[in-house]
Amino acid sequence: MYLVLTAMLALNVSADILNGFALVDNSLRSSISAANNRNAKLYRDFQAANAENPEKIQEWYNKAVELQQRADSLYNYLQHFKETLATLADGKEKVEARRAAEGDPTIHIEKIDNIDVGGQYAITQGHGAELKEVVAYYRDFAAEMAGRDEELRNTILKSFATERGYNAHRKDSCEWEVAVFEFMPLGATNIILTKMMNDVRSTEGQLLQYLEDQTDAGDLRVNKLSAYVIPNSNYVIRGGKYSAQIILAGVDSTRRPEYYIEGQRINDQGKYEVPATSVGLKKYSGWIAYLDPASGTMQNLQFHSEYNVSEPAVTISNVDLNVMYRGYDNKFSISVPGISADKIRVNVTGATARQQGDMWIIKPNDVQKVSISVLAELDGKLQPMGTQEFRIKPTPTPQAYLKFKEYEYNGEKAIPRNTLLDPSSTIIASYGAEGLLDIPFQVTSFKAYILGNTSESRSNKFTDDQIRRLKNLKSGQSVTIMDIKAKSPTGISKTLPSITLFLN
(Lines give C-alpha, C1' and ligand atoms only; values in the text may rest on other atoms or scores of the structure.)
Protein backbone atom coordinates (compact mmCIF):
# COMPACT_ATOMS: atom_id res chain seq x y z
CA MET A 1 0.00 0.00 0.00
CA TYR A 2 2.86 2.36 0.78
CA LEU A 3 5.18 1.48 -2.10
CA VAL A 4 4.03 4.21 -4.49
CA LEU A 5 4.06 6.82 -1.73
CA THR A 6 7.47 5.58 -0.60
CA ALA A 7 8.91 5.89 -4.09
CA MET A 8 7.66 9.49 -4.35
CA LEU A 9 8.99 10.49 -0.97
CA ALA A 10 12.37 8.89 -1.58
CA LEU A 11 13.31 11.55 -4.15
CA ASN A 12 16.04 14.03 -3.26
CA VAL A 13 13.65 16.86 -2.49
CA SER A 14 14.38 20.33 -1.11
CA ALA A 15 13.61 21.57 2.39
CA ASP A 16 10.74 23.70 1.03
CA ILE A 17 9.08 20.62 -0.40
CA LEU A 18 9.72 18.74 2.84
CA ASN A 19 7.90 21.50 4.69
CA GLY A 20 4.92 20.83 2.46
CA PHE A 21 4.61 17.44 4.09
CA ALA A 22 3.01 19.27 6.99
CA LEU A 23 -0.04 19.94 4.81
CA VAL A 24 -0.40 16.24 4.02
CA ASP A 25 0.15 15.33 7.68
CA ASN A 26 -2.48 17.84 8.82
CA SER A 27 -4.97 16.42 6.31
CA LEU A 28 -4.37 12.89 7.61
CA ARG A 29 -4.77 14.10 11.20
CA SER A 30 -8.10 15.64 10.26
CA SER A 31 -9.19 12.32 8.79
CA ILE A 32 -8.11 10.56 11.99
CA SER A 33 -10.08 13.03 14.10
CA ALA A 34 -13.20 12.49 11.99
CA ALA A 35 -12.76 8.70 12.17
CA ASN A 36 -12.35 8.88 15.95
CA ASN A 37 -15.64 10.77 16.28
CA ARG A 38 -17.43 8.36 13.94
CA ASN A 39 -16.06 5.29 15.71
CA ALA A 40 -16.91 6.70 19.15
CA LYS A 41 -20.54 7.05 18.05
CA LEU A 42 -20.60 3.47 16.75
CA TYR A 43 -19.21 2.19 20.06
CA ARG A 44 -21.85 4.15 21.98
CA ASP A 45 -24.57 2.71 19.74
CA PHE A 46 -23.20 -0.80 20.31
CA GLN A 47 -23.10 -0.33 24.07
CA ALA A 48 -26.67 1.01 24.14
CA ALA A 49 -27.96 -1.86 21.95
CA ASN A 50 -26.20 -4.42 24.15
CA ALA A 51 -27.71 -2.92 27.29
CA GLU A 52 -31.17 -3.16 25.72
CA ASN A 53 -30.87 -6.67 24.25
CA PRO A 54 -27.75 -8.47 25.55
CA GLU A 55 -28.94 -11.91 24.43
CA LYS A 56 -28.79 -10.79 20.81
CA ILE A 57 -25.95 -8.24 20.86
CA GLN A 58 -23.49 -9.55 23.49
CA GLU A 59 -21.43 -11.72 21.12
CA TRP A 60 -20.91 -8.88 18.65
CA TYR A 61 -20.42 -6.29 21.37
CA ASN A 62 -17.61 -8.41 22.85
CA LYS A 63 -15.95 -8.49 19.42
CA ALA A 64 -16.32 -4.72 19.17
CA VAL A 65 -14.60 -4.29 22.54
CA GLU A 66 -11.76 -6.56 21.44
CA LEU A 67 -11.47 -4.63 18.18
CA GLN A 68 -11.19 -1.37 20.12
CA GLN A 69 -8.42 -2.77 22.31
CA ARG A 70 -6.42 -4.15 19.37
CA ALA A 71 -6.82 -0.95 17.33
CA ASP A 72 -5.80 1.26 20.26
CA SER A 73 -2.75 -0.95 20.90
CA LEU A 74 -1.45 -0.59 17.33
CA TYR A 75 -2.37 3.11 17.15
CA ASN A 76 -0.47 3.88 20.37
CA TYR A 77 2.51 1.81 19.23
CA LEU A 78 2.71 3.83 15.99
CA GLN A 79 2.49 7.08 17.97
CA HIS A 80 5.34 5.90 20.24
CA PHE A 81 7.36 5.00 17.12
CA LYS A 82 6.85 8.52 15.72
CA GLU A 83 7.74 10.18 19.00
CA THR A 84 10.94 8.14 19.27
CA LEU A 85 12.04 9.24 15.79
CA ALA A 86 11.22 12.86 16.63
CA THR A 87 13.30 12.59 19.83
CA LEU A 88 16.26 11.10 17.94
CA ALA A 89 16.10 13.97 15.44
CA ASP A 90 15.28 17.04 17.57
CA GLY A 91 16.27 15.93 21.07
CA LYS A 92 14.16 15.17 24.10
CA GLU A 93 14.01 18.78 25.35
CA LYS A 94 12.39 20.11 22.17
CA VAL A 95 10.05 17.13 21.90
CA GLU A 96 8.82 17.58 25.47
CA ALA A 97 8.38 21.32 24.87
CA ARG A 98 6.15 20.56 21.85
CA ARG A 99 4.23 17.99 23.88
CA ALA A 100 3.50 20.62 26.55
CA ALA A 101 2.54 23.25 23.99
CA GLU A 102 0.65 21.20 21.38
CA GLY A 103 -0.09 17.84 22.98
CA ASP A 104 1.46 15.86 20.11
CA PRO A 105 5.28 16.23 19.88
CA THR A 106 5.34 14.86 16.32
CA ILE A 107 3.79 18.08 14.98
CA HIS A 108 6.24 20.66 13.62
CA ILE A 109 9.33 18.45 13.75
CA GLU A 110 12.32 20.68 13.05
CA LYS A 111 14.71 18.26 11.34
CA ILE A 112 12.24 16.81 8.86
CA ASP A 113 15.04 16.47 6.30
CA ASN A 114 17.00 14.08 8.53
CA ILE A 115 17.51 10.84 6.58
CA ASP A 116 19.45 8.95 9.26
CA VAL A 117 17.20 8.48 12.29
CA GLY A 118 14.66 6.31 10.46
CA GLY A 119 17.27 3.80 9.36
CA GLN A 120 19.05 3.95 12.73
CA TYR A 121 15.97 3.17 14.81
CA ALA A 122 14.02 0.97 12.40
CA ILE A 123 16.77 -0.99 10.65
CA THR A 124 19.97 -0.86 12.72
CA GLN A 125 18.17 -1.27 16.06
CA GLY A 126 15.59 -3.69 14.64
CA HIS A 127 12.42 -1.78 15.55
CA GLY A 128 11.25 -1.71 11.92
CA ALA A 129 11.01 -5.50 11.86
CA GLU A 130 9.20 -5.35 15.19
CA LEU A 131 6.76 -2.78 13.73
CA LYS A 132 6.17 -5.06 10.75
CA GLU A 133 5.23 -7.93 13.08
CA VAL A 134 2.84 -5.73 15.07
CA VAL A 135 1.18 -4.42 11.88
CA ALA A 136 0.87 -7.96 10.50
CA TYR A 137 -0.64 -9.14 13.79
CA TYR A 138 -3.37 -6.49 13.58
CA ARG A 139 -3.88 -7.13 9.86
CA ASP A 140 -4.47 -10.86 10.38
CA PHE A 141 -6.82 -10.20 13.30
CA ALA A 142 -8.81 -7.60 11.33
CA ALA A 143 -8.98 -9.78 8.20
CA GLU A 144 -10.30 -12.70 10.25
CA MET A 145 -12.90 -10.46 11.90
CA ALA A 146 -14.14 -9.42 8.44
CA GLY A 147 -15.66 -12.90 8.14
CA ARG A 148 -17.27 -13.58 4.77
CA ASP A 149 -17.00 -9.99 3.52
CA GLU A 150 -14.37 -10.59 0.83
CA GLU A 151 -14.25 -6.94 -0.24
CA LEU A 152 -13.57 -5.73 3.30
CA ARG A 153 -11.00 -8.45 3.88
CA ASN A 154 -9.11 -7.58 0.68
CA THR A 155 -9.15 -3.89 1.64
CA ILE A 156 -7.62 -4.74 5.02
CA LEU A 157 -4.94 -6.95 3.49
CA LYS A 158 -3.94 -4.19 1.06
CA SER A 159 -4.02 -1.42 3.68
CA PHE A 160 -1.65 -3.28 6.00
CA ALA A 161 0.48 -5.13 3.45
CA THR A 162 4.06 -5.76 4.65
CA GLU A 163 5.49 -7.58 1.65
CA ARG A 164 8.91 -6.79 0.19
CA GLY A 165 9.26 -3.46 -1.57
CA TYR A 166 11.90 -1.37 -3.31
CA ASN A 167 14.49 0.79 -1.60
CA ALA A 168 14.58 4.50 -2.43
CA HIS A 169 18.06 4.24 -3.99
CA ARG A 170 18.11 0.64 -5.29
CA LYS A 171 16.31 -1.27 -7.98
CA ASP A 172 16.47 -4.60 -6.18
CA SER A 173 13.66 -5.60 -3.86
CA CYS A 174 14.21 -5.39 -0.11
CA GLU A 175 12.43 -5.97 3.17
CA TRP A 176 9.39 -3.82 3.97
CA GLU A 177 11.14 -1.95 6.78
CA VAL A 178 14.11 -1.10 4.53
CA ALA A 179 11.80 0.22 1.79
CA VAL A 180 9.93 2.41 4.28
CA PHE A 181 12.78 3.75 6.44
CA GLU A 182 16.20 3.51 4.74
CA PHE A 183 17.49 6.95 3.63
CA MET A 184 13.96 8.30 4.04
CA PRO A 185 13.53 11.95 5.12
CA LEU A 186 11.96 12.11 8.56
CA GLY A 187 9.13 14.28 7.21
CA ALA A 188 8.22 11.51 4.77
CA THR A 189 8.54 8.78 7.40
CA ASN A 190 6.31 10.76 9.74
CA ILE A 191 3.60 10.97 7.06
CA ILE A 192 3.81 7.25 6.35
CA LEU A 193 3.32 6.45 10.03
CA THR A 194 0.44 8.95 10.28
CA LYS A 195 -1.10 7.31 7.19
CA MET A 196 -0.88 3.93 8.96
CA MET A 197 -2.58 5.41 12.03
CA ASN A 198 -5.33 6.76 9.78
CA ASP A 199 -5.72 3.29 8.23
CA VAL A 200 -6.07 1.80 11.72
CA ARG A 201 -8.98 4.09 12.57
CA SER A 202 -10.57 3.76 9.11
CA THR A 203 -10.42 -0.04 9.25
CA GLU A 204 -11.73 0.03 12.80
CA GLY A 205 -14.79 1.98 11.60
CA GLN A 206 -15.42 -0.39 8.69
CA LEU A 207 -15.22 -3.42 10.98
CA LEU A 208 -17.52 -1.78 13.53
CA GLN A 209 -20.10 -1.23 10.81
CA TYR A 210 -19.69 -4.84 9.69
CA LEU A 211 -20.17 -6.13 13.26
CA GLU A 212 -23.25 -3.97 13.66
CA ASP A 213 -24.70 -5.50 10.48
CA GLN A 214 -24.07 -9.00 11.84
CA THR A 215 -26.39 -8.43 14.81
CA ASP A 216 -29.33 -8.72 12.43
CA ALA A 217 -27.76 -11.59 10.50
CA GLY A 218 -27.93 -13.56 13.74
CA ASP A 219 -31.72 -13.65 13.47
CA LEU A 220 -31.46 -16.37 10.82
CA ARG A 221 -32.27 -20.00 11.79
CA VAL A 222 -29.34 -21.71 13.51
CA ASN A 223 -27.83 -24.47 11.38
CA LYS A 224 -24.59 -25.16 13.23
CA LEU A 225 -23.89 -26.20 16.80
CA SER A 226 -20.63 -25.53 18.67
CA ALA A 227 -19.38 -25.90 22.24
CA TYR A 228 -17.62 -22.93 23.84
CA VAL A 229 -15.83 -22.25 27.12
CA ILE A 230 -15.96 -18.57 28.09
CA PRO A 231 -13.72 -17.93 31.12
CA ASN A 232 -13.90 -14.70 33.08
CA SER A 233 -10.11 -14.82 32.97
CA ASN A 234 -7.39 -17.36 32.12
CA TYR A 235 -5.16 -15.72 34.73
CA VAL A 236 -6.01 -16.44 38.37
CA ILE A 237 -4.24 -15.40 41.56
CA ARG A 238 -3.77 -18.15 44.15
CA GLY A 239 -6.53 -17.79 46.73
CA GLY A 240 -8.98 -16.49 44.14
CA LYS A 241 -11.49 -18.42 42.05
CA TYR A 242 -11.47 -19.51 38.43
CA SER A 243 -14.86 -18.99 36.79
CA ALA A 244 -16.00 -19.96 33.29
CA GLN A 245 -19.29 -20.17 31.42
CA ILE A 246 -19.70 -23.28 29.28
CA ILE A 247 -22.32 -22.82 26.56
CA LEU A 248 -23.80 -24.61 23.58
CA ALA A 249 -24.20 -22.04 20.82
CA GLY A 250 -27.50 -22.28 18.99
CA VAL A 251 -29.21 -24.62 21.42
CA ASP A 252 -33.01 -24.53 21.63
CA SER A 253 -33.89 -22.59 24.81
CA THR A 254 -36.79 -24.99 25.49
CA ARG A 255 -34.42 -27.96 25.73
CA ARG A 256 -31.63 -27.53 28.25
CA PRO A 257 -28.38 -29.39 27.47
CA GLU A 258 -26.37 -31.32 30.06
CA TYR A 259 -22.85 -30.21 31.02
CA TYR A 260 -20.02 -32.57 32.08
CA ILE A 261 -16.51 -31.81 33.42
CA GLU A 262 -14.05 -34.70 33.70
CA GLY A 263 -16.97 -37.15 33.53
CA GLN A 264 -19.02 -35.43 36.26
CA ARG A 265 -22.26 -33.59 35.47
CA ILE A 266 -22.38 -29.99 36.73
CA ASN A 267 -25.24 -27.50 37.07
CA ASP A 268 -27.78 -26.97 34.26
CA GLN A 269 -26.52 -23.42 33.64
CA GLY A 270 -23.09 -24.70 32.57
CA LYS A 271 -21.28 -22.51 35.10
CA TYR A 272 -17.99 -24.09 36.22
CA GLU A 273 -16.25 -22.84 39.36
CA VAL A 274 -13.35 -24.40 41.26
CA PRO A 275 -11.16 -22.98 44.07
CA ALA A 276 -7.62 -21.97 43.06
CA THR A 277 -5.54 -23.65 45.77
CA SER A 278 -2.21 -24.17 43.99
CA VAL A 279 -0.21 -22.33 41.35
CA GLY A 280 0.48 -23.52 37.79
CA LEU A 281 -1.28 -24.32 34.52
CA LYS A 282 -4.63 -26.06 35.03
CA LYS A 283 -6.27 -28.00 32.19
CA TYR A 284 -9.73 -29.52 32.04
CA SER A 285 -12.06 -31.02 29.48
CA GLY A 286 -15.62 -32.23 29.16
CA TRP A 287 -18.61 -32.39 26.88
CA ILE A 288 -22.06 -30.97 26.36
CA ALA A 289 -24.86 -33.48 25.79
CA TYR A 290 -27.80 -32.18 23.75
CA LEU A 291 -30.81 -33.62 21.98
CA ASP A 292 -30.38 -33.69 18.23
CA PRO A 293 -33.80 -32.66 16.84
CA ALA A 294 -33.11 -34.41 13.53
CA SER A 295 -32.37 -37.86 14.96
CA GLY A 296 -34.04 -37.53 18.35
CA THR A 297 -30.89 -38.92 20.03
CA MET A 298 -28.45 -37.38 22.51
CA GLN A 299 -25.22 -36.06 20.98
CA ASN A 300 -21.99 -34.95 22.66
CA LEU A 301 -19.83 -31.92 21.83
CA GLN A 302 -16.34 -32.05 23.32
CA PHE A 303 -14.46 -29.04 24.72
CA HIS A 304 -11.06 -28.35 26.29
CA SER A 305 -9.76 -25.33 28.16
CA GLU A 306 -7.02 -24.22 30.53
CA TYR A 307 -6.15 -21.41 32.92
CA ASN A 308 -3.15 -20.20 34.92
CA VAL A 309 -3.01 -19.82 38.70
CA SER A 310 -0.21 -17.52 39.88
CA GLU A 311 1.02 -16.13 43.14
CA PRO A 312 -0.27 -12.63 44.04
CA ALA A 313 2.00 -10.07 42.36
CA VAL A 314 2.43 -6.32 42.25
CA THR A 315 4.81 -4.02 40.40
CA ILE A 316 6.05 -1.00 42.39
CA SER A 317 8.68 1.18 40.74
CA ASN A 318 10.52 4.25 42.01
CA VAL A 319 10.79 6.31 38.83
CA ASP A 320 13.52 8.55 40.25
CA LEU A 321 15.73 5.50 40.87
CA ASN A 322 15.40 3.91 37.42
CA VAL A 323 19.15 3.33 37.06
CA MET A 324 21.61 0.70 35.88
CA TYR A 325 25.32 0.51 36.57
CA ARG A 326 27.88 0.54 33.78
CA GLY A 327 30.23 -2.44 33.69
CA TYR A 328 27.96 -4.43 35.99
CA ASP A 329 25.63 -7.39 35.42
CA ASN A 330 22.36 -5.73 36.39
CA LYS A 331 19.79 -8.38 37.32
CA PHE A 332 16.20 -7.90 36.15
CA SER A 333 13.07 -9.93 36.74
CA ILE A 334 10.80 -9.36 33.73
CA SER A 335 7.30 -10.78 33.60
CA VAL A 336 3.87 -10.09 32.13
CA PRO A 337 0.87 -11.05 34.30
CA GLY A 338 -0.94 -14.01 32.80
CA ILE A 339 1.83 -14.77 30.25
CA SER A 340 4.33 -17.60 30.78
CA ALA A 341 8.05 -16.76 30.61
CA ASP A 342 8.56 -18.67 27.34
CA LYS A 343 6.03 -16.36 25.63
CA ILE A 344 7.91 -13.16 26.55
CA ARG A 345 10.47 -11.44 24.31
CA VAL A 346 12.80 -8.69 25.53
CA ASN A 347 14.50 -6.13 23.26
CA VAL A 348 17.22 -3.98 24.81
CA THR A 349 18.71 -0.85 23.24
CA GLY A 350 22.09 0.39 24.46
CA ALA A 351 23.13 -2.76 26.30
CA THR A 352 23.80 -6.47 25.99
CA ALA A 353 21.21 -8.81 27.49
CA ARG A 354 21.03 -12.52 28.19
CA GLN A 355 18.56 -14.71 30.02
CA GLN A 356 19.87 -16.63 33.01
CA GLY A 357 17.25 -18.89 34.55
CA ASP A 358 14.35 -16.70 35.67
CA MET A 359 16.48 -13.54 35.51
CA TRP A 360 17.69 -11.24 32.75
CA ILE A 361 21.31 -10.05 32.96
CA ILE A 362 21.69 -6.62 31.32
CA LYS A 363 25.07 -4.92 30.95
CA PRO A 364 24.94 -1.33 29.55
CA ASN A 365 27.24 -0.14 26.80
CA ASP A 366 28.99 3.24 26.96
CA VAL A 367 25.66 5.12 26.77
CA GLN A 368 23.63 7.46 28.97
CA LYS A 369 20.35 5.53 28.81
CA VAL A 370 19.17 1.98 28.15
CA SER A 371 15.70 1.16 26.82
CA ILE A 372 13.98 -2.17 27.57
CA SER A 373 11.00 -3.17 25.41
CA VAL A 374 8.87 -6.18 26.34
CA LEU A 375 6.69 -8.10 23.88
CA ALA A 376 4.38 -11.01 24.59
CA GLU A 377 3.31 -13.78 22.25
CA LEU A 378 -0.48 -13.73 22.06
CA ASP A 379 -2.31 -16.06 19.70
CA GLY A 380 0.98 -16.84 18.00
CA LYS A 381 1.81 -13.16 17.34
CA LEU A 382 4.10 -10.74 19.17
CA GLN A 383 2.35 -7.77 20.78
CA PRO A 384 4.19 -4.88 22.49
CA MET A 385 3.52 -4.71 26.24
CA GLY A 386 5.55 -1.64 27.17
CA THR A 387 8.93 0.10 27.14
CA GLN A 388 10.95 1.55 30.02
CA GLU A 389 14.13 3.62 30.07
CA PHE A 390 16.91 3.47 32.66
CA ARG A 391 19.64 6.01 33.39
CA ILE A 392 23.21 4.69 33.39
CA LYS A 393 25.59 5.41 36.26
CA PRO A 394 29.18 4.30 36.80
CA THR A 395 29.70 1.70 39.49
CA PRO A 396 30.39 3.50 42.78
CA THR A 397 33.71 3.10 44.57
CA PRO A 398 33.47 0.52 47.38
CA GLN A 399 34.85 1.08 50.88
CA ALA A 400 37.79 -0.68 52.47
CA TYR A 401 37.28 -2.96 55.48
CA LEU A 402 39.41 -5.22 57.64
CA LYS A 403 37.65 -8.60 57.52
CA PHE A 404 38.01 -11.21 60.25
CA LYS A 405 35.68 -14.22 59.95
CA GLU A 406 32.16 -12.72 59.63
CA TYR A 407 33.21 -9.33 61.09
CA GLU A 408 34.12 -6.24 59.05
CA TYR A 409 35.84 -3.14 60.51
CA ASN A 410 36.21 0.27 58.87
CA GLY A 411 37.37 2.39 61.80
CA GLU A 412 34.01 3.12 63.34
CA LYS A 413 34.89 1.02 66.39
CA ALA A 414 38.12 -0.24 67.98
CA ILE A 415 39.57 -3.62 67.01
CA PRO A 416 40.78 -6.34 69.37
CA ARG A 417 44.55 -7.00 69.09
CA ASN A 418 44.06 -10.69 68.24
CA THR A 419 41.78 -9.75 65.33
CA LEU A 420 44.34 -7.36 63.85
CA LEU A 421 47.17 -9.86 64.12
CA ASP A 422 45.26 -12.96 63.02
CA PRO A 423 46.78 -14.40 59.79
CA SER A 424 43.29 -14.87 58.32
CA SER A 425 42.46 -11.14 58.54
CA THR A 426 42.34 -9.47 55.13
CA ILE A 427 41.70 -6.07 53.61
CA ILE A 428 38.55 -6.23 51.45
CA ALA A 429 36.55 -3.91 49.19
CA SER A 430 32.86 -3.91 50.01
CA TYR A 431 29.72 -1.80 49.79
CA GLY A 432 28.87 -2.72 53.36
CA ALA A 433 25.90 -4.51 54.82
CA GLU A 434 23.53 -1.76 53.64
CA GLY A 435 24.94 -1.56 50.11
CA LEU A 436 22.67 -2.19 47.11
CA LEU A 437 25.45 -3.68 44.98
CA ASP A 438 27.45 -6.86 45.44
CA ILE A 439 30.45 -6.57 43.12
CA PRO A 440 33.32 -8.85 44.23
CA PHE A 441 36.21 -6.36 44.01
CA GLN A 442 39.59 -7.90 44.88
CA VAL A 443 42.13 -5.81 46.80
CA THR A 444 45.47 -6.16 44.99
CA SER A 445 47.71 -3.92 47.15
CA PHE A 446 47.74 -1.38 50.00
CA LYS A 447 50.09 0.58 52.23
CA ALA A 448 50.08 0.54 56.03
CA TYR A 449 51.23 3.49 58.13
CA ILE A 450 52.32 2.05 61.50
CA LEU A 451 54.12 4.04 64.20
CA GLY A 452 55.63 6.54 61.75
CA ASN A 453 56.62 3.95 59.16
CA THR A 454 54.90 3.19 55.80
CA SER A 455 55.24 -0.18 54.08
CA GLU A 456 53.43 -1.80 51.17
CA SER A 457 51.65 -5.14 50.73
CA ARG A 458 51.17 -6.57 47.23
CA SER A 459 48.16 -8.59 48.27
CA ASN A 460 45.10 -8.22 50.49
CA LYS A 461 46.96 -9.38 53.63
CA PHE A 462 49.51 -7.79 55.95
CA THR A 463 53.13 -8.69 55.19
CA ASP A 464 55.34 -10.31 57.83
CA ASP A 465 57.10 -6.97 58.33
CA GLN A 466 53.77 -5.19 58.81
CA ILE A 467 52.57 -7.81 61.32
CA ARG A 468 55.84 -7.39 63.26
CA ARG A 469 55.21 -3.66 63.52
CA LEU A 470 51.54 -4.17 64.38
CA LYS A 471 52.59 -6.22 67.40
CA ASN A 472 54.22 -3.07 68.83
CA LEU A 473 50.92 -1.16 68.86
CA LYS A 474 49.39 -0.40 72.23
CA SER A 475 45.76 0.18 73.18
CA GLY A 476 44.46 3.42 71.65
CA GLN A 477 47.14 3.51 68.93
CA SER A 478 46.21 3.09 65.28
CA VAL A 479 47.22 1.81 61.89
CA THR A 480 46.19 3.67 58.71
CA ILE A 481 45.46 1.61 55.59
CA MET A 482 45.92 3.82 52.52
CA ASP A 483 46.57 3.81 48.76
CA ILE A 484 44.30 0.75 48.54
CA LYS A 485 44.02 -0.70 45.02
CA ALA A 486 41.08 -2.93 44.09
CA LYS A 487 39.99 -4.55 40.82
CA SER A 488 36.48 -5.60 39.71
CA PRO A 489 35.70 -8.91 37.93
CA THR A 490 35.59 -6.99 34.63
CA GLY A 491 39.04 -5.45 35.18
CA ILE A 492 37.95 -2.02 36.43
CA SER A 493 40.57 -0.67 38.87
CA LYS A 494 39.70 1.71 41.68
CA THR A 495 41.65 3.40 44.48
CA LEU A 496 39.69 3.15 47.73
CA PRO A 497 39.54 5.77 50.49
CA SER A 498 41.92 5.25 53.42
CA ILE A 499 40.74 3.82 56.75
CA THR A 500 42.25 4.17 60.22
CA LEU A 501 41.90 1.27 62.66
CA PHE A 502 42.36 1.71 66.43
CA LEU A 503 43.26 -0.96 68.95
CA ASN A 504 40.98 -1.28 71.95
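Pull up the range 451-470, narrow it to residues that are closer than 14 Å to Pro423 by Cα and surrounded by fewer than 14 Cβ atoms within 10 Å (Cβ to Cβ), then point me to the one that is farthest from the chain's Cα centre (by Cα).
Looking at residues that are closer than 14 Å to Pro423 by Cα and surrounded by fewer than 14 Cβ atoms within 10 Å (Cβ to Cβ), I get Arg468.
Does Asn154 satisfy being open to solvent by 10 Å² or more (accessible area, probe 1.4 Å) and assigned to a loop (DSSP other than H, G, I, E, B)?
Considered against the rule, which asks whether it is open to solvent by 10 Å² or more (accessible area, probe 1.4 Å) and assigned to a loop (DSSP other than H, G, I, E, B), Asn154 comes out as no.
Restrict the check to the range 212-223 and report whether at least one residue is at pLDDT below 85 and within 30 Å of the chain's Cα centre (by Cα).
For the range 212-223, residues at pLDDT below 85 and within 30 Å of the chain's Cα centre (by Cα): absent.
Tell me, which strands (runs of 3 or more DSSP E) wholly within the range 399-504 include 2 or more residues that are under 26 Å from Lys331 (Cβ atoms) and touching a Pro at 6+ places or on another chain (Cβ under 6 Å)? Walk me through it before giving the result.
Values: elements: 399-404, 407-409, 426-430, 442-450, 453-457, 478-487, 493-496, 499-502.
Answer list for the range 399-504: 426-430.
Of the residues that make up the range 402-416, is at least one within 34 Å of the chain's Cα centre (by Cα), surrounded by 12 or more Cβ atoms within 10 Å (Cβ to Cβ) and among the β-branched types (Val, Ile, Thr)? Talk me through it step by step, then tell me what you get.
The first filter runs over the range 402-416 and keeps only residues within 34 Å of the chain's Cα centre (by Cα), leaving none.
No, because not a single residue in the range 402-416 is within 34 Å of the chain's Cα centre (by Cα), surrounded by 12 or more Cβ atoms within 10 Å (Cβ to Cβ) and among the β-branched types (Val, Ile, Thr).
Only one residue in Leu420, Leu473, Leu496 is closer than 26 Å to Tyr325 by Cβ and either small (Gly, Ala, Ser) or open to solvent by less than 70 Å² (accessible area, probe 1.4 Å) (or both). Which one?
Among Leu420, Leu473, Leu496, only Leu496 is closer than 26 Å to Tyr325 by Cβ and either small (Gly, Ala, Ser) or open to solvent by less than 70 Å² (accessible area, probe 1.4 Å) (or both).
Just need a number here: residues in the range 269-309 that are more than 36 Å from the chain's Cα centre (by Cα), aliphatic (A, V, I, L, M) and either assigned to a strand (DSSP E or B) or crowded, with 16+ Cβ neighbours inside 10 Å (or both).
Within the range 269-309, residues that are more than 36 Å from the chain's Cα centre (by Cα), aliphatic (A, V, I, L, M) and either assigned to a strand (DSSP E or B) or crowded, with 16+ Cβ neighbours inside 10 Å (or both) number 5.
Tell me which of these Ala22 doesn't satisfy, since it passes every other one: (1) at pLDDT 90 or above; (2) under 22 Å from Met196 (Cβ atoms); (3) touching a Gly at 6+ places or on another chain (Cβ under 9 Å).
(1)
Step by step: first the residues of the range 254-268, then only those that are acidic (Asp, Glu) and assigned to a loop (DSSP other than H, G, I, E, B), then the one that is surrounded by the most Cβ atoms within 10 Å (Cβ to Cβ). Which residue is that?
So the first thing to find is which residues in the range 254-268 are acidic (Asp, Glu), and the list is 258, 262, 268.
Adding the requirement that they be assigned to a loop (DSSP other than H, G, I, E, B) leaves 262, 268.
Numbers: Glu262: 8, Asp268: 10.
Among those residues, the one meeting the criterion is Asp268.
For the range 183-196, indicate whether the set of residues that are open to solvent by less than 60 Å² (accessible area, probe 1.4 Å) and at pLDDT below 85 is non-empty.
No, every residue in the range 183-196 fails to be open to solvent by less than 60 Å² (accessible area, probe 1.4 Å) and at pLDDT below 85.
Residue check, Glu93 against (1) assigned to a loop (DSSP other than H, G, I, E, B); (2) of a type outside the set (S, T, N, Q); (3) closer than 20 Å to Ser371 by Cβ; (4) open to solvent by 50 Å² or more (accessible area, probe 1.4 Å), all met but one. Which one?
Evaluating Glu93 over (1) assigned to a loop (DSSP other than H, G, I, E, B); (2) of a type outside the set (S, T, N, Q); (3) closer than 20 Å to Ser371 by Cβ; (4) open to solvent by 50 Å² or more (accessible area, probe 1.4 Å) leaves (1) as the failure.
The values are calculated or read from the model by the stated rules, or taken from the named source; none is laboratory data. Nothing here was measured: the structure is a model prediction, and the numbers come from that model. All Cβ positions, glycine included, derive from the backbone under ideal geometry; neighbour counts span all protein chains shown. What goes into the accessible areas is simple: the full protein's heavy atoms, side chains included, and nothing from ligands, DNA or RNA. Shrake-Rupley method; radii C 1.70, N 1.55, O 1.52, S 1.80 Å.
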